[in-house]
Amino acid sequence: CSNRGFTRVPQDLPTTTTSLDLRGNSITTLSQSDFSRYAHLQILRLGENQISIIDNGIFDDLPSLTELSLGNQLTNVPFNLPTTITSLGLYGNALRSVSQSVSRYRSLERLDLSENQISRINDGAFQYLTNLTVL
């Protein structure tokens, strides 16, 4: 589904989908119901869109999600990601700081913050990320 000109998350894919690559589309907003039918997703790639708004609770229905890439136009690290996340790509956004909220994702092994505008990393931002091997 990459580079197909989608402006929204398609809702006509099999509900058993485990990997969804929506890179390079024209998605600007992620609404809470966008992924509710895809409870089996393990890998979700949303980079290279124009996403600047992510509704709270959008990932609540994705208990198996382990890999998420959100290289877009975000100004903050998203909250309420599943604790199952082991790989988080936040490259190419407009992040200016990294707060302690990142440390809540204790399963993280890889965190990509490249190509941002980060000028501040708060104390304790990576404190509990004992599994982190790639930053």
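We did not get these values from a lab; they are worked out from the coordinates using the rules stated. Quick caveat, the model's predicted, so the values are computed rather than measured. Neighbour counts run over all protein chains shown; Cβ positions are idealised from the backbone, glycine included.
Once the Cβ-Cβ distance between D12 and Q127 is put in as r, and R0 is 41 Å, what FRET efficiency do you end up with, to the nearest 0.05? Mind dumping the intermediate values first?
Working: r = 42 Å, r/R0 = 1.04.
Calculated value: 0.45.
Checking the a/c ratio against 1.5 first, then a/b against b/c, what shape does the Cα gyration tensor give for the stretch 1-42? Present the calculation step by step, with values, prior to reporting the outcome.
On the way: a/c = 2.08, a/b = 1.39, b/c = 1.50.
In terms of gyration-tensor shape, oblate.
If you take the square roots of the eigenvalues of the alpha-carbon gyration tensor of the stretch 89-131 and sort them as a ≥ b ≥ c, do you get rounded (a/c under 1.5), prolate (a/b over b/c) or oblate?
Values: a/c = 2.76, a/b = 1.40, b/c = 1.97.
Cα axes put the stretch 89-131 in the oblate bin.
Residue by residue, what Karplus-based ³J(HN,Hα) values in Hz, rounded to whole numbers, does the stretch 104-113 have, using 6.51, -1.76 and 1.60 with θ = phi - 60° and x for Gly and Pro?
6, 8, 5, 7, 4, 10, 10, 9, 10, 10
Relative contact order for the chain: what percent, with Cα pairs under 8 Å and sequence separation of 6 or more? Display every interim value, and only then the final one.
Details: 350 pairs, mean separation 22.3, N = 135.
Reported as a whole number, the value is 17 percent.
Please compute the length gained on full extension between I118 and A39, using 0.36 nm multiplied by the number of residues separating them and subtracting their Cα-Cα distance.
Working: separation 79, 0.36 × 79 = 28.44 nm, distance 3.29 nm.
Result: 25.2 nm gained on full extension.
By how many nm would the segment from T83 to T29 lengthen if fully extended, with 0.36 nm per residue of separation less the alpha-carbon distance? Mind showing how you got there, number by number?
Numbers: separation 54, 0.36 × 54 = 19.44 nm, distance 2.23 nm.
Additional length available on full extension: 17.2 nm.
For the stretch 76-125, build the charge dipole from Cβ charges (+1 Lys, Arg; -1 Asp, Glu) around the Cα centre, then report which of N116, S103, Y91 sits farthest towards its positive end.
Farthest towards the positive pole: S103.
In sequence order, what are the phi-derived ³J(HN,Hα) couplings for the stretch 5-20 according to the Karplus relation 6.51 cos²θ - 1.76 cosθ + 1.60 with θ = phi - 60°, rounded to whole Hz, with x for glycine and proline?
Working through the residues one at a time gives x, 4, 9, 9, 5, x, 10, 10, 8, x, 5, 8, 4, 10, 9, 9 Hz.
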